[in-house]
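The values are calculated or read from the model by the stated rules, or taken from the named source; none is laboratory data. Bear in mind that the values here come from a model prediction, so they are computed numbers and not experimental data. Glycine also receives a Cβ, built like all others from the backbone with ideal geometry; neighbour counts cover every protein chain displayed. To get the accessible areas, we keep the full protein, side chains included, count just its heavy atoms, and leave off ligands, DNA and RNA. Shrake-Rupley method; radii C 1.70, N 1.55, O 1.52, S 1.80 Å.
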Amino acid sequence: MRLSNFLLCALVCGLTLTLGVARAAPSVLREVGGSVEQRRAVWQLAAVGETVEQALRVGAGRATLQSGGGQVLIASDSALRIYQNEPDLQTGKFYLSGQLSFFSQSVHLASDGRVRLDLRAPTRRLAIIAGTARLAVGSRVLTLKAGEQYDFATKRITPFAERDAWYDSRFVGEGEAVVQAVKGPVTIQSVTTQASPAHNAAVDERLQSGQQLNTGPNAFAEVGFTGGGYLRLQPQSALSVLSVDRVLSQEGKGQREITLQLTRGSAWNVVAKRQGGYEITTPTVTAAVRGTIFRVDENGLVKVFEGQVALPSGVGLQLDQGQQLSGDMVQALVLDASDRVNQALDRQRAAPTRLDLTLAPTASELSLTVRSQPNTRLSVKVAGQDFPLTQSAEGVFSLQALKNRLPEGRYDLTLTARRPGSSTSLKRNVLIDRSPPVVSRVSVLRLGRTVRLTGQVTDRSPSVQLSAEVNGRVYTRTLHLPQQARFDWLLPLPEPGAVIKLSAADAAGNAGAAMEYGAVGYGAP
């Protein structure tokens with residue numbers, strides 16, 4: 001027994017010395033995102049720069065641990081401890097890069113490339129992506145190379161092909177994954193909570209880790225990301241949000257990491273250039289993208305319409321613009337009806353927002369009509385309140401009657417139009433006036449066969465129309481206030497004794513009662 005222990009120690013130590021890994025170096029947190037705790041006297045929140053001395057666990061989030069000459073990326077719902085000053089990976093998912101010496105499942109390991117460990121039932125394995133790894137298993141030393149995996153349960157070495165490179169998923173920048181547009185039945189449901197009821201997806205709703213977005217027949221949903229990229233989930237499809245984590249690096253820079261999984265149906269993707277990308281996985285393919293337009297289906301079909309798509313599951317395979325992957329075959333791109341519909345929707349989304357506003361600058365009640373694209377959301381802000389506009393016809397929006405009438409006065413009005421991925425505003429001024437104009441100091445003087453009307457008009461509105469009826473004939477005149485508040489008006493007078501009816505109405509439609517005047521004065525009949 002003592003001899004075997006000695007041999008095992010010699011093997012383990014030999015592994016470490018061969019790879020040049022400094023086992024005594026402490027393990028330090030380089031990135032922390034979401035719920036990450038480390039064990040001291042009790043479990044407490046972990047922070048970048050801290051040394052992990054006992055144990056570390058990650059809830060909904062991620063963490064990167066510097067250990068020796070390499071790093072350990074720890075996924076959500078994972079845990080490790082520190083044993084003999086080295087990481088002991090216990091449960092969850094891990095991605096290791098660089099020169100590392102570590103424990104897992106009672107096995108000591110050393111690696112010098114890129115390795116992933118999956119330690120969640122029913123899968124407990126170590127897979128080599130690049131480089132090599134050496135395992136001390138009992139009295140044996142096993143060497144694995146790229147494209148091989150070791151099953152901790154069966155202790156067998158079998159071929160490995162990467163199919164879900166979750167460790168490559170990174171969407172750089174501040175922001176959220178937000179529902180930007182919905183059409184037809186679209187629901188959101190938590191897949192981590194037992195018997196969680198689904199609810200209708202709402203525009204501007206932020207997707208959270210553990211949720212699933214579902215579309216019904218003839219429905220779609222658009223999810224927008226940082227930098228202007230978006231994903232359009234196709235009819236009868238499902239998209240799971242595996243993680244949405246804010247990561248703080250050692251340099252103090254904030255990053256957003258988003259991992260999505262297409263579990264059913266199809267997704268159309270537009271990722272903004274010069275921005276971070278995201279990774280989308282299906283049961284048969286993983287696509288890590290940066291600045292491109294592509295489509296991916298649950299059966300592994302990938303079509304590239306612009307840019308390039310790298311396929312980790314294809315061991316370095318890259319699809320260029322105008323290509324598609326069907327099964328294991330790279331072919332020339334062939335468009336179908338779904339592709340053409342999505343291209344048309346992309347053109348609609350990219351088109352400038354159209355705003356044709358009909359607004360009376362003076363009115364007794366606030367009223368406006370707007371013509372815009374059908375999928376536009378419109379609202380007007382006045383007196384510190386936002387009021388939504390409703391679509392009364394295709395592309396025609398109007399403001400419903402306000403529950404509380406605005407008091408008389410002048411208001412600044414801001415009309416805001418929101419479309420998926422864009423927003424624009426118009427500013428206008430409106431006067432609310434419910435009081436009829438006041439006509440005062442009226443004088444009616446007959447001058448032969450004419451009559452001279454003078455007087456004064458006051459009103460909130462900028463213009464008032466005077467109407468004078470003489471012997472059944474009506475004459476009108478528009479006064480612009482306040483410059484023309486005093487009026488002097490000469491009208492025909494066919495009969496010396498005619499009665500003149502004088503009335504006034506303002507620009508808001510308010511009219512006062514007509515007043516009758518008899519002409520007085522001099523002159524030939």
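For this structure, a couple of remarks:
- Residues of the stretch 371-455: accessible area per residue with a 1.4 Å probe, Å²: 55 Å²
- Protein heavy-atom surface of the stretch 24-134, 1.4 angstrom probe: 47% of the accessible area is carbon and sulfur, with nucleic acids and ligands not counted.
- Exposure of R81 as accessible area (Å², to 10), given a probe of 1.4 Å and all protein chains: 90 Å²
- Computed over neighbours whose Cβ is under 12 Å from that of R473, the net charge equals -1, Lys and Arg +1, Asp and Glu -1.
- Per-residue surface analysis assigns M515 an accessible area of about 100 Å², computed on protein heavy atoms at 1.4 Å probe radius.
- Taking label points 7 Å from Cα along the Cα-to-Cβ direction, A401 and T358 give a separation of 1.9 nm.
- Between E365 and Y83, the simple spin-label model (points 7 angstrom out along Cα→Cβ) gives 7.6 nm.
- By average C-beta atoms within 10 angstrom, highest first, the peptides 340-349, 383-392: 340-349, 383-392
- Label point at K427 placed 7 Å out along Cα→Cβ; residues across the stretch 392-421 whose backbone nitrogen lies under 17 Å: 410-417
- Computing FRET efficiency as 1/(1 + (r/R0)^6) for E53 and T263, where r is the C-beta to C-beta distance and R0 is 51 Å, gives about 0.80.
- Structural size metrics of the stretch 364-523, computed from C-alpha coordinates, are Rg and Dmax of 22.1, 75 Å.
- Computed extension gain for A337 through R156, at 0.36 nm per residue and net of the alpha carbon distance, reaches 60.5 nm.
- Residues of the stretch 491-505 with amide N under 15 Å of a point placed 7 Å along Cα→Cβ from V442: 491, 498-505
- Cα-based convex hull volume of the stretch 396-481 per residue, rounded to whole Å³: 169 Å³
- Rolling a 1.4 angstrom probe over the stretch 377-510 with all protein chains present gives an accessible area of which 47% lies on carbon and sulfur atoms.
- Spin-label model distance (nm) - K183 vs T454, 7 Å beyond Cα toward Cβ: 6.9 nm
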